[in-house]
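Asker: Got a structure for you, written out below as structure tokens; questions coming shortly.
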Amino acid sequence: MVTINENYLKLKSSYLFSEVAKRVESFRTAHPDRDIIRLGIGDATRALPAVCVEAFHKATDEMANDATFHGYGDEQGYGFLKEKVAQWDYRARGADISADEIFISDGAKCDTGNFQELFSAAAKIAIPDPVYPVYIDSNVMAGRTGAFENGRYPGIYYLDSTAKNSFVPELPSERVDVIYLCFPNNPTGATITKQQLGRWVDWAHANKALILYDAAYVAFIRDDSLPQSIYEISGARDVAVEFRSYSKTAGFTGTRCAYTVVPKTCVAYDSSGRPQSLHAMWNRRHTTKFNGVCYMVQRAAEAIYTPEGQRQIRNINDSYLDNARHIVSTLSELGYDCVGGKDSPYIWLDAGMDSWKFFDLLLDKAGVVCTPGAGFGRCGEGFVRISAFNRRDNVERALDRIRGALRRA
Ligand SMILES: *Cc1c(COP(=O)(O)O)cnc(C)c1O
């Protein structure tokens, strides 16, 4: 008899976005004439940058010819892309990262979900609340938690992100081994300063802990004093792994390309306390379970690393940031408190009521879909996430309706 991994039974049954979809669908059925604008799910809406499309076409033509055809490539990615990443994303910002420390993959979701395989079942995990659900669910599946109760999993150390700490969690007050951090943050849109991030790096050193740093939204940082990479912090090479993706950087959500940086100096410990190379372990895992990203996709990703490529992605992302600015100013005008929307495409709105109730209100009164904060964790209750990923005219129409619906008497 085949038996299952019972840890899967511990997973919260209702996934946030399926519940959102269910409520939107029943609203649509009840009001077939009402127009719905989605400011919910974080997905790019603008076309791929022209430089990427051009590189894609060119690479596709190479595949059409025996002489220039590409079969299996290195599982870790092509040298042409890894060299550009090391140069443009790291060394240009003073971060000491080399091409062979970069692992190209088909998504930061997979990488952030899979990386926990390298740690023991007993590893104590610290996870922000609210959070991108992948970090938690992958650890639940691996058996590092008890059963979900009162909105939380026993066994996880939660890093509360609240208005009180300006949505940057405080350092752990007890021993933890692995710490997930994400800045600019999904869902709150909060950013972290170099000084704040430096305290985390120092803590990880002092406690032989490891930071898993998700920088998926780095392309939205406009304040140049903010760190774009954790490796801009001295000492981070020994205690941090960084995840990045072309999904939000260059509209690759449907194209699929990302990378993980595992410095060769980064270690975790075996049961006798001997340091082991995480680079060697991730290399082993990646080459065993992954067979590389499509050649054309890697060529398309490479195309952003020219002055013209950088200009194009900046223009596209500026248009989302412009939406975000409009959303923030309208909500502030209406008397709501919010964070994010600056150096981030997400706005975290203090709803002043239960977050699903606010979701229903906004849908009913304005025909606008947001994402209830409670779905991202206990600390998200009372908040909603509004996404700036949309066309400008849709955002303008949504804001007009929100003004009508939420104006406080
Ligand atoms: C969108 C997103 C990613 C990127 O995921 P991909 O699989 O690369 O598309 C990673 N982390 C967070 C927090 C995200 O919101």
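Asker: Working only within segment 28-80, note down all residues that are among the acidic types (Asp, Glu), away from the ligand (no atom under 16 Å from the Cβ) and over 25 Å from Ala99 (Cα atoms). Lay out the reasoning, then the answer.
Answerer: Our first condition is that a residue be among the acidic types (Asp, Glu); within segment 28-80, this holds for 33, 35, 43, 54, 61-62, 66, 74-75.
Checking the rest, the ones that are also away from the ligand (no atom under 16 Å from the Cβ) come to 33, 35, 54, 61-62, 66, 74-75.
The answer is Asp33, Asp35, Asp61, Asp66.
Asker: Considering only residues that are in a loop (DSSP other than H, G, I, E, B) and either among the small types (Gly, Ala, Ser) or touching a residue at least 40 places away in the same chain (Cβ under 8 Å) (or both), look in segment 163-182 and name the one that is surrounded by the fewest Cβ atoms within 10 Å (Cβ to Cβ).
Answerer: At the first step, the residues of segment 163-182 found to be in a loop (DSSP other than H, G, I, E, B) are 166-177.
Filter again for either among the small types (Gly, Ala, Ser) or touching a residue at least 40 places away in the same chain (Cβ under 8 Å) (or both), leaving 166-167, 169, 172-173, 175-177.
On the way: Ser166: 13, Phe167: 24, Pro169: 22, Pro172: 17, Ser173: 7, Arg175: 11, Val176: 21, Asp177: 19.
Only one residue fits best here, namely Ser173.
Asker: Go through segment 267-302 residue by residue and tally those that are more than 30 Å from Ala206 (Cβ to Cβ), outside any helix (DSSP H, G or I) and either in the same structural domain as Tyr346 (by TED's automatic domain parsing) or open to solvent by 30 Å² or more (accessible area, probe 1.4 Å) (or both). Write out each step before concluding.
Answerer: Step one: filter segment 267-302 for residues more than 30 Å from Ala206 (Cβ to Cβ), giving 287-302.
Filter once more, keeping what is outside any helix (DSSP H, G or I): 290-294.
Okay, now just the ones that are also either in the same structural domain as Tyr346 (by TED's automatic domain parsing) or open to solvent by 30 Å² or more (accessible area, probe 1.4 Å) (or both), so 290-291, 294.
Total satisfying the criteria: 3.
Asker: Please work out which residue is surrounded by the fewest Cβ atoms within 10 Å (Cβ to Cβ), limiting yourself to segment 46-61 and to residues that are aliphatic (A, V, I, L, M) and assigned to a loop (DSSP other than H, G, I, E, B). Steps first, please.
Answerer: Of segment 46-61, the ones aliphatic (A, V, I, L, M) are 47-48, 50-51, 53, 55, 59.
Applying the additional criterion that residues be assigned to a loop (DSSP other than H, G, I, E, B) yields 47-48.
Numbers: Ala47: 10, Leu48: 22.
The qualifying residue surrounded by the fewest Cβ atoms within 10 Å (Cβ to Cβ) is Ala47.
Asker: From the residues in segment 248-266 that are within 11 Å of the ligand (Cβ to nearest atom) and more than 20 Å from Pro184 (Cα to Cα), which one is surrounded by the fewest Cβ atoms within 10 Å (Cβ to Cβ)?
Answerer: Ranking the candidates gives Gly254 first.
Asker: Taking the condition of being over 21 Å from Gly373 (Cα atoms), within 16 Å of the ligand (Cβ to nearest atom) and open to solvent by 30 Å² or more (accessible area, probe 1.4 Å), how many residues in segment 111-162 meet it?
Answerer: Counting residues in segment 111-162 that are over 21 Å from Gly373 (Cα atoms), within 16 Å of the ligand (Cβ to nearest atom) and open to solvent by 30 Å² or more (accessible area, probe 1.4 Å) gives 1.
Yes or no, residue by residue, for (1) at pLDDT 95 or above; (2) assigned to a helix (DSSP H, G or I); (3) open to solvent by 10 Å² or more (accessible area, probe 1.4 Å); (4) not assigned by TED's automatic domain parsing to the domain that holds Arg152:
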| residue | (1), (2), (3), (4) |
| --- | --- |
| Lys357 | yes, yes, yes, yes |
| Val384 | yes, no, no, yes |
| Phe389 | yes, no, no, yes |
| Asp393 | yes, yes, yes, yes |
| Arg397 | yes, yes, yes, yes |
| Ile402 | yes, yes, no, yes |
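The values are calculated or read from the model by the stated rules, or taken from the named source; none is laboratory data. This structure is a prediction, so every number in the text was calculated from the model and none was measured. For neighbour counting, all protein chains shown are included, and Cβ atoms are generated from backbone atoms with ideal geometry for every residue, glycine included. For accessibility, only protein heavy atoms count, side chains too; no ligands or nucleic acids. Shrake-Rupley method; radii C 1.70, N 1.55, O 1.52, S 1.80 Å.
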